[in-house]
Structures are given as structure tokens and as C-alpha cells.
There are 4 protein chains.
Amino acid sequence: MPHNIAILGASGYTGAELVRIIATHPSFEIKALTGDRKAGLPMSAVYPHLRHLNLPDLITIDDLDDSDLDLVFCALPHATSQAVIPSIPSSVKVVDLSADFRLRDPEAYSKWYGKGHDAVEMQSEAVYGLTEFYREEIKAARFVAGTGCNAATGQYALIPLVAAGVIDLDDIILDLKAATSGAGRSAKEHLLLSELNENVKAYSAGGTHRHLGEFDQELSKAAGRDVRIQLTPHLLPAARGIVMTCYLKGDPQKVHETLSNAYLNEVFIQVLPFGEIPQMKDVRASNFCHIGVVGDRVSGRATVFATLDNLTKGSSGQAVQNANLMLGVEETTGLMLAPVYP
Amino acid sequence: MPHNIAILGASGYTGAELVRIIATHPSFEIKALTGDRKAGLPMSAVYPHLRHLNLPDLITIDDLDDSDLDLVFCALPHATSQAVIPSIPSSVKVVDLSADFRLRDPEAYSKWYGKGHDAVEMQSEAVYGLTEFYREEIKAARFVAGTGCNAATGQYALIPLVAAGVIDLDDIILDLKAATSGAGRSAKEHLLLSELNENVKAYSAGGTHRHLGEFDQELSKAAGRDVRIQLTPHLLPAARGIVMTCYLKGDPQKVHETLSNAYLNEVFIQVLPFGEIPQMKDVRASNFCHIGVVGDRVSGRATVFATLDNLTKGSSGQAVQNANLMLGVEETTGLMLAPVYP
Amino acid sequence: MPHNIAILGASGYTGAELVRIIATHPSFEIKALTGDRKAGLPMSAVYPHLRHLNLPDLITIDDLDDSDLDLVFCALPHATSQAVIPSIPSSVKVVDLSADFRLRDPEAYSKWYGKGHDAVEMQSEAVYGLTEFYREEIKAARFVAGTGCNAATGQYALIPLVAAGVIDLDDIILDLKAATSGAGRSAKEHLLLSELNENVKAYSAGGTHRHLGEFDQELSKAAGRDVRIQLTPHLLPAARGIVMTCYLKGDPQKVHETLSNAYLNEVFIQVLPFGEIPQMKDVRASNFCHIGVVGDRVSGRATVFATLDNLTKGSSGQAVQNANLMLGVEETTGLMLAPVYP
Amino acid sequence: MPHNIAILGASGYTGAELVRIIATHPSFEIKALTGDRKAGLPMSAVYPHLRHLNLPDLITIDDLDDSDLDLVFCALPHATSQAVIPSIPSSVKVVDLSADFRLRDPEAYSKWYGKGHDAVEMQSEAVYGLTEFYREEIKAARFVAGTGCNAATGQYALIPLVAAGVIDLDDIILDLKAATSGAGRSAKEHLLLSELNENVKAYSAGGTHRHLGEFDQELSKAAGRDVRIQLTPHLLPAARGIVMTCYLKGDPQKVHETLSNAYLNEVFIQVLPFGEIPQMKDVRASNFCHIGVVGDRVSGRATVFATLDNLTKGSSGQAVQNANLMLGVEETTGLMLAPVYP
């Protein structure tokens, strides 16, 4: 019998991506879709690409009947999740895709998000959703907080290296190239095609990007000491995808070996042969993350490239992967869709 | 037990798209991949996005063992298929994706392709692969010739209208907007991103595009008289997708009604409500075709928009749909992947 | 001595394009730039690409000192121009780039723009700014109304043909491909790069696009009878440029000859040899319009392609060309910048 | 009287860009254009965007009459320049745009370009064309070697810092984002729009990019000791432009102050206020280079962003700037074209 699912905030890109994935997922059935501003509309009015599916109309969160639900995906905007999730009955499992519960420490949350948290009591309950590193906790969890898409990409490159101590923890530089869908569907001048085509621009440079809160939390945990990386995001003229170029100090062969071993049994994390470089389009619309390692003519330097699709492995794919674990479904179910190329 | 499949010409875009689709197809198993220039290489060396799959290495066609095969997809370049297909044992079913067997008339072939056909005897054997209109013949066929991607798009818009006689057959104008992957992976100056970004250019205008041979053949058949349309293709700064804008003389409501009725029970052909316009991205990487009809302030004029993904419904998705029918598998198997948006 | 110029609405794309052109114009000096919402800011804060120029800061229209001005470019949003222009002293010449004064007939304005005109008395004063067809009137004018960018493109293809009677006036079909900057800089969901990349979508189909008001007015005037064309606009994944594909009934050679003769002495309108097709990128960021004519296998059909840059020849370049004429400056001054390719 | 100019290799992108710039240059007159494979064709057959210009037809180099020439721009492919330039009469000045004479040391040339140099005797004659740092030498030169476009971008960011000793010379990391036109117009699979749209890929990573030879030569010269940087190039889905993100160890305010002072009187190098980040599109089709500096939460780290248009300031604009100096023309002549935005 399929598990009954609801998606809160289905009118955003991560909501639409959840529907896309679940459309061919054999064990999940979508019982409700909420979208407060679009309530009353069929999903096909908001996302015509889903018109072939037999989906419930969009409703308000207030109209949601959660009595028969097994799990709720919460794809609401940041700061909205923390207002909604506390009122979901504890019998319903929750996978949150917002930024609200990624940081366990209320002070860290305040620092990075500029406001106090409205559900402090639930911050520590949420399991951090980086599946490959929290698998057992996620299986047992009632509430999982999805990671930032950029934070996920960087962590796939870094966590095994930081944990193994094979790189200099005080000199980690991440150059991020990110597509626009990570910024969501809301209309903003700098996200217009007119502005971005034939353009590239850095933003939130200098240590101000909010995903640094996650890096600080998780890398420090992996290292057993404080780790503070540099991260410089750049916006690309592309809709989907992330490439993280990581400049590290360490032996490149050892770096490659450490990553290869760490992900040997991970279906979705593909470490390329030493010296090969992954490209963004090779993971498009899939749950895969490709990682490559190269050395440098400057000895003792390693460059690690990690790429994934921000909407799939970076958010909605990850969310389904976690939901599978939480509901006792085989972890890869519905997620083996091959990347779309070209 | 899965059906044993081989893909000839797996190193091209339609070959890669076949692999992508079959990757999650429960009844097909890929036993061989050929690619003469890439023979000896793993598929992941040619298409790294497929590296998570356990695929056979590329071999030459000469090295193909066809003893256990149930069906061969032939994704070879135009003019190559006609040299290869005659030597495939008759026990093996064949779906050709090239242009070689789309035209039944040797003279028509010579006219549009500028050379005599090397396998004239097989031209009439090949069933034209426009599934929705040749379903029964395809079920019974040993050999199916896939349609041109542009020809498919236009025919989905036109065939029911031409058959029903609700439009003027002597004044059909098709304005085609086509993405670049339809031109394949071979390196040509005019397909460079440098040339095409921020660009649009018509090509093969004036009645010279080869897909007109298919339009002539199929529309004339549907009409029971000769039909000669105008077709003006434009190349877009995009990798995947086709939009066909069809300028027709006829009553727009009747046009819409005719199309709606024709596709009422077709899963993959979605006719939008009257007045709604489909967009190219709404069928991306899927086997769906969206069709919209609008009227005009000039009475008696109807504009029909049809859009599909040239690599999926326009070629490899169509090929799998036909293979399903030929092998007795449920027609939609492996093809219900939802479009990728945004 | 240079002519003193002001630009009202300098924070929009056409305003910025005016500054770009005037930056190397030897006879114009920018004395004031207005932008109500950006008043107080340096222009480089709104458009950093202009930071090398010594420009006046943005001010409100109320703060504009028009005592020493020779000419004002009014690049305000539609419906705003009609409120502002009546109060400009009659000693100052005006080139309007908005849609407010393109239609001479108040009823036509109401019909296409859905509201009554607030400066009806000035509607008939405004000279329609399609330079090549209104040159003498523009030279003598105090007030010129710039054309719609799409309307200009189509008219360059059609006016000589309509005037010469070499095409069927009752069967003119225009398929428009337009880049996004024509829609301006304001943030709208459907103009996001996430939405438009790898996409194409028709809009305002069926005879509802506002530029049809201009086509009706000017083509009917050229023909000496009512002319009503079909126009179907499509939005492209590109920032700049317009391609208009015109499906006409008439002798293609005669069509080509008529256009070639009409533009023989026009610097900016380049008619290609018969059978050659212009591409959008070939006029990028320039004041040129390229026109090509092809015949068809269906006899008596001609396809005309016209392309120009919506922000240059389609609006700000045209505006400068007209201002040159109005101020007695050589017409091509500042406008011979070669197109940017690739 | 204008200076007589010839462009060798006019059928490539840098050749076309030279023509575009010279089209509005008051002191240069194009007397000859060569293009061996396109000889006999009008330039408009190769580059229709230049059709409004009255240009000489393309000829072979052998047919070039150099008797009246003042200066030759040599935009030939790498390794071809060294065969051609020695036979140009010494009375004709030469600006080379290829890579052939950028490195003064024959051994360095062999190392980076994998072959011996065919005109070793001229290697030391060539003045390195980074105008702002070799202005006096260029004024006096007969032969100037244009820089690599990526090398120019990085050097604008680094040279003043290296010379002033305000950054750690042993830890300089450059993350390069480069558009496709830098790779020229020749048809290569990885440059197809199908491959690159919605994609980003690093290439020549690990210290193998040829422009490193220039960095080594020039940075070591500026520092007075060997400097070996890291450089990781990434190919963008865009036709024009370069963004270089430089990760440096040093005081960010001091870095900004050093750069601001260094370029205080340079027209084309614009240093933004501290903390502001330049974007690629802001220098499009212009001779400007924008530089921004930000600090980081990790103290002692500075990130410098430099952006320019590879075809203009990165090659053909630089070449004209140098030619101006060599011919005694005011340095900025023909180069003040404002960037094209959006």
C-alpha cells in the first residue's frame, strides 16, 4: 500500500520537483498539495508540465486534512516552515526543505538568518538531511531538515577529507557556480534573463552566504574542532545545477583515495578517476553527484570539483531519499532516473 | 524476462537518449552498444552522465553478436542505416531512428536525400513510426522507421485536421523553432554556442527541408489528395525542444474540437483548453507533446502550436514506445517520466 | 556647440541604451537624467557598465531644469509619458520612446491600451518615428513618437510591399521571435532566466498584441485601405533582438526587387541578396536592420525575414536618428557603431 | 591622413572584432584583409554583420601587398604567426594577436606549446602587449605581442599587488570563468551549444593552461622572484567575457588601495569601491576592465574579481590600443565605445 504524502508549498520549484520525482515513485501517493497564493487552482495552472498527472488541486495549509498522511514534505519559504511545522501532528513524519531547521544552535540561526527562531524547541529534534552522513539517524527520525543545495555540494566534497584530516582545515576555499533556480521562482530583477544571459556575477562574497552556517556546523562536527571556510558564490546563466570548485591544501592522490573510499558503496555519489573533471550537465535532473579530483603543478595542492542538480540531489531528490528511509522504503526508490543530456 | 536490446550508433544524442530512457525501463535489457569510432571505450567515456549504469562497452557493428537479441534500435547517421539494416537477421526486430526508411517511395527518397536508396526493397516494409497513427501496424511490424522530429511535431498538429477536412489544404504554413540537438553531436561552426547564443536564424527555408518529404507523404495520405505545405525552420539558442507554430485557415473552435477528440485517449498527446498556448520547456526530456489552439482577430484563421522534445517524443521516446508495441509490452512502459521544469 | 539633452526615465533599458549611444555621439551632451525611484543615485549605481562616463546623477522629473535643454528623450513607462510631455516647454523638442503617442486616433488608443488618453490634444501633433518613412516630417517636427520595436521590424518588411501592392493585403502573417529586453527591466516571473532558458513561448497571440494598433494605422495608410495582419509573438531565450518572419502571398522576386529598391539609399536598412536569410545576431547592438527574401516551393509565396535590435534600431537608436534630424545634425551621427558579433 | 592597416587572419573572431572596432576609428583605414581558406570572398560572406562596411575582399597572405602599409594586425592561429611575421618588411609595424610571441624565453615557449619556436630571433624583439604596464616600450616598438585574454584579466588583478608585495606570492589561486569565443570559431564538439547550454566545465586544470606561461613570466618579473600561481579555467555557457576570481592572502583594504592607486589614471581599468563586485556583462563589447575587491570573514584573505571582454580588452581592443600608441595616435581613439547592456 502506498504511503500518503502531502507537499506544502507545492507552487515553488522544489515543490514542482517533488511532484516530478514522485510521479514515477511506486510507493508514494500525493494526497494534498498546498500553495496559499494559488489555492483553488489545479496544479497544471501553475505548472503546465505536470498536466498529464492526476493531482489534487492546490489548497491552503489551513484546509489541509492531515489525518491520513504518513509524511509531509514542507517546501515552504524560509521562515515560514518554523511557523507551520510545530502544528503538524506527531504521527506524521516531516521532511522540511527550507532553511529553518538546518542549524541546531539557536544562536547560529539568529546570526545567519537575522532573526530569532520561532520554534527553538524543534531545532534540536531535526536530523540534518545529508543522507550519506546521517543515514541511521534519518531512518529513525520523525523530522528531517533538508540541507542547503550549495551546502550539500560542498559537503560531499569536504566531509570525508575533513574527517580524515588529509587537508589543511584552516585553508579551505570554495568557489561556487550556481544556477538560478536555487533562488526560487519569485520575480527579482537580478534573476531576469535580460540581466543574466551572457553574464556571471559573484554575490554574497566574503563570508556572508547563509549556507556557511551549515558548513560551520557540519565541518566542525566532522573535524572535532572549529572549521571556517571561505565561500564565494557566482550566479550562472543557467537554470539548474551547481559546480563547487574546492581549493585545498593536501596531497591530491590521498584526497582522491579518501573520497573514493568514502563513497565506494554510495549509489548516488560518483567519484571519477583521478584527474577527471565532472561537468554540471552530467547530473542534470538526477539524484547523482559527481566528484573529481585533480592535482596541481604547485605541489601539495588538490582541487576537488563537485557537481549536482540543486533541485534534485540538492533538495527534492534528497528529500525523497530521506523520506524513503523514514518510511522503510528502499532508499533509491524513484531516484534512479538517469541524468538528462544534452 | 526482459527483452534483449542492442543500440547501434549509441555515441550520438539519440543513442544516449535511448540509454537514458531504457535505464529505468523494467522490461528492456541493453546487451550491446555500438559506436564504430568509439569502439573499445566504455559508454561513460563518451557520455559521463551515464556512468552510474552498468553498460556494455562500445563495440563495432561488425563485432555485434545478434544471436540473442530481440530488438535493435538503429541510431546510426542518415545513409548508414540502409547499409546496415538489411543484414540484421529477420528474427530480430528493428526500430530505425535515421531518415533512411521514412519515405516509402524510392523516388521521393532520391529527391529529398540526393542519392539513390541502397535498400529499396526494405523501404516499403518499414512501418512509419508515428505511433498514434500507425499503432496497429507497429504492433505487427518487424521493422519500424522512426519519424523526423520536426515532422512528428507538425503531424501531431495537422493529421487530424487534414483527415477531417476542417482546414484549407492549400494554405498550410508551418513556422518551426528547433533546438540544436536535432542537428546531432557532430562539430559544425553554425552550431557553436559562440554563434548561436543570443541568436536565431532560419535555415532550409523555401521548401527545402528534408522533413517535407514526410509531410508530403503522410499529409497526402491523410487527405486522400496531394498536400504541399510551407515549412520555415529556425534554429534556437537552446539544446532541446521544438515548437511548431501552424498558421491555418479554418474555424479555430472546430480545429480545437477536432484535435481534442482525436487525442482524447492518447496519454502522450495533451491538447490544452482552447486559447491556451503550450511552451517548449513544459515537455522537456519527456515523451509528451502539448498542443494549443488559438483563434485570431482575422476570422477563419486558426493558429495551432505543438511542442515536444526532439530527442524524446521526437525520436528516442517514440522509438521506445514503438518497441514496446512491437514486443508486446504495455505501450507507456518506461515513458511516463514527467517533464523536467524549470 | 553640442546640443543639450535630457533623458527622462534613464533607469530603464531604453534609457541606458540612449546613454550608451550618446556616449560617443559628438553633438549631444547629456545635461540631465531622471529616474524617480532611483533619484539621488549616480547612474553607475543603476547601470555599472556606464561607470566610466561622467554623467549627472539621477533626479526626479520635478527637479528637472529644462531651461537650457534642446531636446528631451522621454523613456518613461507607457501611460506615464502622456502625463509628463504636455508640461515640457514648447521650446524643447521631444522624442518619446513610450507607446503613448504612436497612435494618432484616440479611439484606437483606447482600444489597444484599455484606457482613455490623457493628452488627446497632442496625439495628432506627434510625428510617427519610423525614420525612413517620415523623414521630412521628422526634420520639421517638435515632437516625435518612437515606434514599437516589433512594429518597426514588421513595417520595414511590409511597408514598401503594401504601398506597391505586390502582396495580397488580406493574407499577411507575421511570426515574431522577440528577446526579453523588449519587456523591460521590471521583475516578472515569466521573464526569469529559470523560466526562459531552454524555452520558447508564444504570447499575445490571436490579434491581441498592442503593436497591432501601429500596424493597422501605418499599413492602412500605406495601402490606402484597411489592412489587418496576423501577428504571433514568441518570447526567446535571448536578451536582445527581434526576428520577424513574414509569410506573404506574392511573387518572391518582385517582393525582393521592391524591397531592394525601396531601401537602396538607406544606410541602416540592408536588403540581402535574394535567397539569403538574415540572423538576429548580425545586427546586435547596432542601428542596422537586415532584410532577406526567399521564395517557396509553393509558387506565389514569399517569405520575408527582418531583424533588428529592439533596443537600438527598435527604440533608442531610432530615437537618436530622429533627434539628429530634428536638431539638424547629420542623420547617421553616433549610429554607425558596427554590430557586435559573436 | 589615416594610417593604412591590414588584418591577417580576418576570418577569425579576433579579426572580425578588429574590423568592428576600426569601423568607427577615425585614423585607421583597412587596406587589406587576409583569410587563406576564405580568399576571394567578400568579408560579408564570412561575417554578414559587417555588410554595411566598404571592406576589401579577403585575399591570401601571399597576395598581400604590404608596400603602403603602416601596420599589420596579425590575428592568425597560434603557430602560424611565427611563420608569417618574419617576412613582413621592417618598415611595417606589427601587432600580433596570437600566442606566438608572448613568451620571451624559447624554452618556456617549447614547454607550454610543445614545439620549438620557428622564429626564435624575434621572440625577444616582441614587446609584451599589456598596455598599462608596457606603455613606453609599446610607443617605441615596431613589434608588439598581444597577451592571452585570460592572462590579461588575471594580470590586471595581480601585477600591482605582486609588485607592491602586499599579498603572499606563494599562495595565489585563480578561478577563471571564460566564455566560448576565446576558443575561436573552429568547430569542436565541446563548444557546441548542445553541449554547453546549461553547463559549466573546468578544463586545463592543475597547472596545464598555456596562459600560465605568461603569468609565470610577468608575475616573476613584477615580483623580482619566481612566482607560480594556481589557475583553474571553467568554460561558461556564454559567448563573450571573462571573470577571474582571485583568492589571495593579504589585507583586503591594502589590496584595494594598491589597485585603486595603480589604476588611478587608467581610463580603461575601473576599480570599484571596496566591497563591490563587478559582473561580466558590464564590460561587454568594450575595452574596459572592471576590478572589485572584497574581504572575508577569515581575516587576512582578499578576493579580487576582474572582468573584461576577451575579444575586446582581452585581444582586439588591446591590439588597437597598442597600435594607437605605436602610430602616435591618442591611446583611447576608437576605444571609448560604451559596454553593451543588457
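Within the stretch D:303-314, is even one residue within 26 Å of C:ASP309 (Cβ to Cβ), in contact (Cβ under 8 Å) with a residue 24 or more places away in the chain, assigned to a loop (DSSP other than H, G, I, E, B) and of a type in the set (Gly, Ala, Ser)? No: the stretch D:303-314 contains no residue that is within 26 Å of C:ASP309 (Cβ to Cβ), in contact (Cβ under 8 Å) with a residue 24 or more places away in the chain, assigned to a loop (DSSP other than H, G, I, E, B) and of a type in the set (Gly, Ala, Ser). Note on the stretch D:1-44: among residues that are of a type in the set (D, E, K, R) and touching a Leu at 6+ places or on another chain (Cβ under 8 Å), the one that is surrounded by the most Cβ atoms within 10 Å (Cβ to Cβ) is D:GLU17. Note on the stretch A:251-265: residues that are over 24 Å from A:ALA178 (Cβ atoms) and buried (at least 21 other Cβ atoms within 10 Å of the Cβ) amount to 3. The number of residues in the stretch A:210-266 being within 16 Å of A:PRO278 (Cβ to Cβ), part of a loop (DSSP other than H, G, I, E, B) and small (Gly, Ala, Ser) comes to 2. Do we find a residue being under 18 Å from the mean Cα position of the chain (by Cα), more than 10 Å from every other protein chain (Cβ to nearest Cβ) and within 13 Å of A:LEU176 (Cα to Cα) anywhere in the stretch A:223-240? Within the stretch A:223-240, one or more residues are under 18 Å from the mean Cα position of the chain (by Cα), more than 10 Å from every other protein chain (Cβ to nearest Cβ) and within 13 Å of A:LEU176 (Cα to Cα).
This table checks each residue for (1) small (Gly, Ala, Ser); (2) under 21 Å from D:THR312 (Cα atoms).
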residue: D:LYS93; (1), (2): no, yes
residue: D:ALA99; (1), (2): yes, yes
residue: D:ARG135; (1), (2): no, yes
residue: D:ILE138; (1), (2): no, yes
residue: D:VAL144; (1), (2): no, yes
residue: D:THR147; (1), (2): no, yes
residue: D:GLN155; (1), (2): no, yes
residue: D:ALA164; (1), (2): yes, no
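Of all residues in the stretch C:157-184, none that is without any contact (Cβ under 8 Å) to a residue 40 or more places away in the chain and closer than 26 Å to B:LEU248 by Cβ has its Cβ atom under 6 Å from the Cβ atom of a residue that is of a type in the set (S, T, N, Q) and not in a helix (DSSP H, G or I), 6 or more apart or on another chain. When D:LEU97, D:LEU69 are checked against the criterion of being more than 14 Å from chain C (Cβ to nearest Cβ), closer than 21 Å to D:ASN322 by Cβ and out of contact with any strand residue (DSSP E or B) (no Cβ under 6 Å at 6 or more places or on another chain), D:LEU97 stands alone in meeting it. Out of all the residues in the stretch B:45-65, which are surrounded by fewer than 18 Cβ atoms within 10 Å (Cβ to Cβ), within 25 Å of A:LYS281 (Cβ to Cβ) and out of contact with any Ser or Thr (no Cβ under 9 Å at 6 or more places or on another chain)? If the condition is that a residue be surrounded by fewer than 18 Cβ atoms within 10 Å (Cβ to Cβ), within 25 Å of A:LYS281 (Cβ to Cβ) and out of contact with any Ser or Thr (no Cβ under 9 Å at 6 or more places or on another chain), then B:ALA45, B:ASN54, B:PRO56, B:ASP57 are the ones that fit. Close contacts from the stretch A:279-296, counting a first residue that is within 11 Å of chain D (Cβ to nearest Cβ) and a second that is among the basic types (Lys, Arg) and in a strand (DSSP E or B), with Cβ to Cβ under 9 Å and a gap of 6+ residues or different chains, come to A:GLN279/D:LYS201; A:MET280/A:LYS177; A:MET280/D:LYS201; A:LYS281/D:LYS201; A:ASP282/D:LYS201; A:GLY295/A:ARG301.
What number of residues within the stretch D:168-197 are over 20 Å from the mean Cα position of the chain (by Cα), buried (at least 24 other Cβ atoms within 10 Å of the Cβ) and away from chain B (no Cβ under 14 Å)? The qualifying residues number 1.
Is it the case, given these coordinates, that C:ALA187 is in contact (Cβ under 8 Å) with a residue 12 or more places away in the chain, within 19 Å of D:LYS281 (Cα to Cα) and touching a Lys or Arg at 6+ places or on another chain (Cβ under 7 Å)? Judged against the criteria, C:ALA187 is not a match. Can you name every residue in the stretch A:22-43 that is without any contact (Cβ under 8 Å) to a residue 60 or more places away in the chain and under 25 Å from the mean Cα position of the chain (by Cα)? Those that are without any contact (Cβ under 8 Å) to a residue 60 or more places away in the chain and under 25 Å from the mean Cα position of the chain (by Cα): A:ALA23, A:GLU29, A:ILE30, A:LYS31, A:ALA32, A:LEU33, A:THR34, A:GLY35, A:ASP36, A:ARG37, A:LYS38, A:MET43. If you filter the stretch D:297-330 down to residues that are facing chain A (nearest Cβ under 10 Å) and among the hydrophobic types (A, V, I, L, M, F, W, C), you find that the one that is farthest from A:LEU235 (Cα to Cα) is D:VAL298.
Per the conditions (1) assigned to a helix (DSSP H, G or I); (2) under 30 Å from C:LEU191 (Cβ atoms); (3) small (Gly, Ala, Ser), the sole criterion not satisfied by A:ALA108 is (2). Within the set A:LEU212, A:LEU219, the sole residue that is surrounded by 21 or more Cβ atoms within 10 Å (Cβ to Cβ), farther than 29 Å from D:THR180 by Cβ, under 22 Å from the mean Cα position of the chain (by Cα) and within 10 Å of chain D (Cβ to nearest Cβ) turns out to be A:LEU212.
When we screen A:PHE274, A:PHE268 for residues that are more than 9 Å from chain D (Cβ to nearest Cβ) and crowded, with 22+ Cβ neighbours inside 10 Å, the only hit is A:PHE268. Restricting A:SER204, A:SER186 to those that are within 24 Å of A:LEU311 (Cβ to Cβ), in a loop (DSSP other than H, G, I, E, B) and modelled with pLDDT under 95 reduces the list to A:SER186.
The values are calculated or read from the model by the stated rules, or taken from the named source; none is laboratory data. Keep in mind the model is a prediction, meaning the values are calculated, not measured. Virtual Cβ from ideal backbone geometry, glycine too; neighbours counted across all protein chains shown.
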